[in-house]
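Input: a single structure, listed below in C-alpha cells.
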Amino acid sequence: MPISLSAPAPVKAPAATHCPYCALQCGMNVAAGAPEEGADRTVTITPREDVPANAGGLCQKGWTAGELLTGGRRLTTPLLHGEPASWDEALDFVAARIRALQAEHGPDGVAVFGGGGLTNEKAYLLGKFARMVLRTSQIDYNGRFCMSSAAAASNRAFGMDRGLPFPITDLAAADAVLLAGGNMAETMPPFVRHLAAMRQNGGSLIVTDPRLTATARQADLHLQPTPGTDLALALGLLHLAIAEGHADEAYVAERTNGFDAVRTSVAAWWPERVERITGVPVSQMRRAVAILGNARRAVILTGRGVEQHAKGTDTVTAFINLALALGLPGRPGSGYGCVTGQGNGQGGREHGQKADQLPGYRKIDDPAAREHVARVWGIDPDDLPGPGRSAYELLDALGTAGGPRGLLLFGSNPVISAPRAGHVAERLRSLDLLVVSDLVLSETAALADVVLPSAQWAEEEGTMTNLEGRVLLRRRALPPPAGVRTDLEILQALAVRLGGPVPGGPDMARAFSTEPREVFDELRRASAGGVADYAGITYERIAAETGVFWPCPDTGHPGTPRPFLDRFATPDGRARFVPVDHRPPGEDVDEEYPLYLTTGRVLAHYQSGAQTRRIDALNAVVDETFVELHPDLAERLEAAPGQTLRVISRRGETEGVVRVNPAIRADTVFMPFHWAGANLLTNPELDPVSRMPEFKVCAVRLERVG
Ligand SMILES: Nc1nc2c(c(=O)[nH]1)N[C@H]1C(S)=C(S)[C@@H](COP(=O)(O)OP(=O)(O)OC[C@H]3O[C@@H](n4cnc5c(=O)[nH]c(N)nc54)[C@H](O)[C@@H]3O)O[C@H]1N2
Ligand SMILES: Nc1nc2c(c(=O)[nH]1)N[C@H]1C(S)=C(S)[C@@H](COP(=O)(O)OP(=O)(O)OC[C@H]3O[C@@H](n4cnc5c(=O)[nH]c(N)nc54)[C@H](O)[C@@H]3O)O[C@H]1N2
Ligand code: SF4
Ligand SMILES: [Mo]
C-alpha cells in the first residue's frame, strides 16, 4: 500500500547522511523525489566519498535501506490492543496505565528498554525520561547484548571505553592486525578495505574464528579455536610473547601498572596446554606471536565472537593484556580496539540509557555526577534513582513479584534477539502494560498493548557516534509519512501527560524538546566534564569537519581522534594490567547435548531482522534460518543440504535448513539469529562484570525431522 504524505515533498538536493544500520555508519546521499498523485514516494541512495569509513562503498543493506522509507510495510497509525487508534487515545491510555501501575507498585513498577540504534538525542532523552519523569531505576538497553564486555574491559584497563581509540584509516598503516572473533566481510563489508589496504602495504591479518569465514579467508593466518576458548588462547599468546622476548619492557615500565601479576599468571599457560583446550596448534600460535611481536605497528581488535560469553570481559582483558605487553595501546598506528556493532552503539552507551549510567559516561552512583546532571535537568539530585537491573535481568524480572509490571520499549526487538527468547516472550506477555515504539510491527511490537509508529533515520535529524568515536550528523532527507511521529515527540507527549507542569516543577514541554538540536545542546551540557565529553561538538562543526571525535570539551578544541597518545584515562594516566584466568563455558557439551552451537550474522540481514526481513532484495539472498554444519557431521546425521534439522538445547528447540560447509569445526554448528529460532536455544548465563549473555556458545543436539 503506498504511503500518502500530508504534503508532497519537493525534490531537493540529496541529504548527505549516514546508513541506518551498523556502526561503520557509511556515508550516503539520500535523494527523495516528490510522489506523483497517488504514487509512492521515491528514494535514491548513493554512497558518499567524503566519509573515511566507507569512502564510496556500501553493503547491500545500505544500498537497499530506502525500501522501508517508501514501502507500505511500516506502521503509520498507533495501535491500541491491536486496533488502529488516534495518537491522543494511545498516549492517554499509556499515561493513565503508567500512573496506575506506579501508584500500585512504586516508580520501579515501570521499566524502560532502549537501543543502540537510537540517535544520541533519543538515547539521552530516553534516559532522562526514565529518571526524571518515571523516576524509575529500571532502564537498560540492547547494547548490553552487544559490546558491553569490551566496554567493561576497556574501562578497567584504560579508564575509558571508546571502541576504536584511533581513526579507522590508521589500520592501513599497520604491519599486523589480529581480529579476534569478528567477521567484518559480512558484518561491515567496507571495513575490509582498510584491512586490505594494510595487507597491500605488506601487513599481515590474523583472524580467530571457529569458522573459516569470508573474513578469515582473507587472512594470512586463521586460528580456529573451539567456541568459548579464546581466553585460553589469549593467555597462551601472551605466554609465548613473553617467552620469546616480545614484551616491551620500556613501554610497560613507563605507561602501565600491574604487569608482574599478569606475567606470573600466564606462566602456567604453556602452548601445549593451550592447544589441548583450544584446538589451535602450537605452531600457529607461534606464528601469530611472531607476526605481532615483530610488527612495528600492530592492532588487536575484538568482535562479538570473543565478547558474547559469560567470560567476555575477562577474554577481552586477556587480549588487552597482550596488547599492553607488546606496547601497542597509545602508540601512533597501534593499539587495541573493539569493533562496535550498532549504528549508534558507541553513543548509545554513553548518555544514560544504561542501568548504571548518567550522560557523559558518568556513573549513576557517583554523587558528583548526580549533582551535575540534576543541575542540568533542574531537579534535586536526591530525586534521581539509583542503578537498576541489566538488560537480561530486567527482561527476566518483568511481571514477576517485585519486578516491573509495565515496559516502554524503544529500538529493540528482544523477542528475537534476547537470549532464551522463549522465556523472554513469556515475561513480556505477563506484563500489565507493554508499549513499543517502532517503525514496523516487529515480533515484540506484536505483543504490545500499545504500538507507537515512529519516524526513521532519513526522516529526522540527529547525531550518531560511529565505531571510531566520531560524532556524525544524520540529516533529514524527507518528512515522515502522515500519522507517524518522532521518538522525541513521543517522549515529550508522555512527559507532558505524566509529569507536569507542576507548580514550581520543571515545564515538561521545555524539558523534553522535540528539536534534535536543542536536545543535543542540552546533552552537550549534561556530558560536559564527563568521560564522554561532547561540550564542544555542534551540528555546524560536525557538518564542516565530517564528524568530531569525543572527548571535545569546548568549541575551540579540535576533538580527540587518538585519546591515549600521552596518557590513559585512569587517575594516574597509566593503563592497568588485570590478571584473568581461563574457565570453561557456562554450558559444555555432554552425551545428551554433544555439539557446540554458536550464533552470529549473515551479510544480507540486520539483527532481529525487523527491518531487513521486510526488504525483498535482501530476502532474495536468504529468507530462512539455517544451521551450518561440517560435512563429517552431516554424514553422521545423514543430513543433506536443504533438508530440515531440529536443533535442541536445554532451553528450547527450533528447526533450520541444513547448510553443509567444510569451513566450520566438526564439533560446532552455526545459526544466524536474524530469524526466530536461534535464541530459543541460547544460554542466558551472564558475565559477572558486564552482564553479557553467552550468545556465542551453548550445547545442543541435532535430530532429523520426521
Ligand atoms: N550483516 C550484518 N552486519 C551487522 C549486523 C547484522 O546483524 N548483520 N549487526 C551489527 C552489530 S550490532 C554487531 S554487534 C556487529 C557484529 O559483528 P561481528 O562481531 O563480526 O559479528 P558476529 O557474526 O556476531 O560474530 C563474529 C564471528 O564470531 C565467530 N565466533 C562465534 N563464536 C566464537 C568464539 O567462541 N570465538 C571466536 N573467536 N569467534 C567466535 C562467528 O563464527 C562469527 O563469524 O555487526 C554489525 N553489522
Ligand atoms: N543469538 C544471538 N543473539 C544476539 C546476538 C548474537 O550475536 N547472537 N547479537 C546481539 C547484538 S550484538 C545486538 S546489538 C542485539 C540487537 O538486537 P535488537 O535489539 O533486537 O536489534 P534490532 O533488530 O536492530 O532492533 C531494533 C528495533 O528498533 C526499530 N528501530 C530502528 N530504529 C528505530 C528508532 O529510531 N526508533 C525506534 N523507536 N525504533 C527503531 C527496528 O525496526 C527494530 O524493530 O542482538 C543481540 N542478540
Ligand atoms: S556496512 Fe554498515 S553502515 Fe555500511 S552500508 Fe552496510 S550496514 Fe550500512
Ligand atoms: Mo550488536
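One line per residue, one yes/no per condition, for (1) closer than 25 Å to GLN308 by Cβ; (2) more than 25 Å from the chain's Cα centre (by Cα); (3) outside the structural domain of VAL660 (by TED's automatic domain parsing):
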site	(1), (2), (3)
ARG574	no, yes, yes
PRO579	yes, yes, yes
ASP588	yes, yes, yes
VAL602	yes, no, no
ASN619	no, no, no
THR625	yes, no, no
LEU633	yes, yes, no
ARG636	no, yes, no
- Message: Can you say whether GLY348 is part of a helix (DSSP H, G or I), touching a helix residue (DSSP H, G or I) at 6+ places or on another chain (Cβ under 8 Å) and crowded, with 24+ Cβ neighbours inside 10 Å, as far as the supplied structure shows?
- Response: yes
- Task: Hey, can you tell me all the residues within the range 523-547 that are touching a residue at least 24 places away in the same chain (Cβ under 8 Å) and either assigned to a loop (DSSP other than H, G, I, E, B) or in the same structural domain as CYS26 (by TED's automatic domain parsing) (or both)?
- Result: ALA528, GLY529, GLY530, VAL531, ALA532, ASP533, TYR534, ILE537, THR546, GLY547
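Sort out for me the helices (runs of 4 or more DSSP H) sitting completely within the range 117-212 that have 1 or more residues that are within 16 Å of ligand 3 (Cβ to nearest atom) and either among the basic types (Lys, Arg) or not assigned by TED's automatic domain parsing to the domain that holds ALA493 (or both).
On the way: elements: 120-128, 148-158, 184-187, 191-200.
Ranges flagged: 184-187, 191-200.
Quick check on this structure: which one of LEU233, LEU328 is in contact (Cβ under 8 Å) with a residue 40 or more places away in the chain, closer than 30 Å to CYS22 by Cβ and more than 16 Å from ligand 3 (Cβ to nearest atom)? Walk me through it before giving the result.
Details: LEU328 fails: in contact (Cβ under 8 Å) with a residue 40 or more places away in the chain.
Answer to the selection: LEU233.
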- Query: Among the listed residues GLN284, GLN353, which satisfies the condition of being part of a helix (DSSP H, G or I), touching a residue at least 24 places away in the same chain (Cβ under 8 Å) and either closer than 21 Å to GLU244 by Cα or away from ligand 3 (no atom under 16 Å from the Cβ) (or both)?
  - Reply: GLN284
- Item | the range 610-629 - residue that is surrounded by fewer than 23 Cβ atoms within 10 Å (Cβ to Cβ) and of a type in the set (Gly, Ala, Ser) and, of those, nearest to LEU75 (Cα to Cα) | ALA617
- Can you name the residue in the range 73-120 that is surrounded by fewer than 20 Cβ atoms within 10 Å (Cβ to Cβ) and β-branched (Val, Ile, Thr) and is also nearest to ligand 4 (Cβ to nearest atom) among such residues? THR76
- Would you mind telling me which numbered condition in (1) in contact (Cβ under 8 Å) with a residue 60 or more places away in the chain; (2) touching a helix residue (DSSP H, G or I) at 6+ places or on another chain (Cβ under 8 Å); (3) away from ligand 2 (no atom under 14 Å from the Cβ) ASN619 fails? (1)
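Being small (Gly, Ala, Ser) and touching a Ser or Thr at 6+ places or on another chain (Cβ under 9 Å) is the filter here; which residues of the range 406-429 pass it? Please lay out each step first, then the result.
In the first step, residues of the range 406-429 are kept if they are small (Gly, Ala, Ser); the result is 406, 411-412, 417-418, 421-422, 425.
Across the range 406-429, the qualifying residues are GLY411, SER412, SER417, ALA418, ALA421, ALA425.
With respect to VAL647, determine if the residue is outside the structural domain of GLY422 (by TED's automatic domain parsing), aliphatic (A, V, I, L, M) and free of Cβ contacts under 8 Å to residues at least 40 places away in the same chain. Reasoning before the result, please.
Numbers: outside the structural domain of GLY422 (by TED's automatic domain parsing): yes; aliphatic (A, V, I, L, M): yes; free of Cβ contacts under 8 Å to residues at least 40 places away in the same chain: no.
The answer is no for VAL647.
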- Item | Long-range neighbours under 6 Å by Cβ, at least six apart or interchain, first residue farther than 18 Å from HIS605 by Cα within the range 50-78, second aliphatic (A, V, I, L, M) and away from ligand 2 (no atom under 15 Å from the Cβ) | ALA53/ILE168; THR70/VAL43; GLY72/MET1; PRO78/ALA85
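The values are calculated or read from the model by the stated rules, or taken from the named source; none is laboratory data. As the structure is a computational prediction, the values presented were derived from the model and not from experiment. FYI the Cβ positions are ideal-geometry reconstructions off the backbone, even for glycines, and counts take in every protein chain you see.
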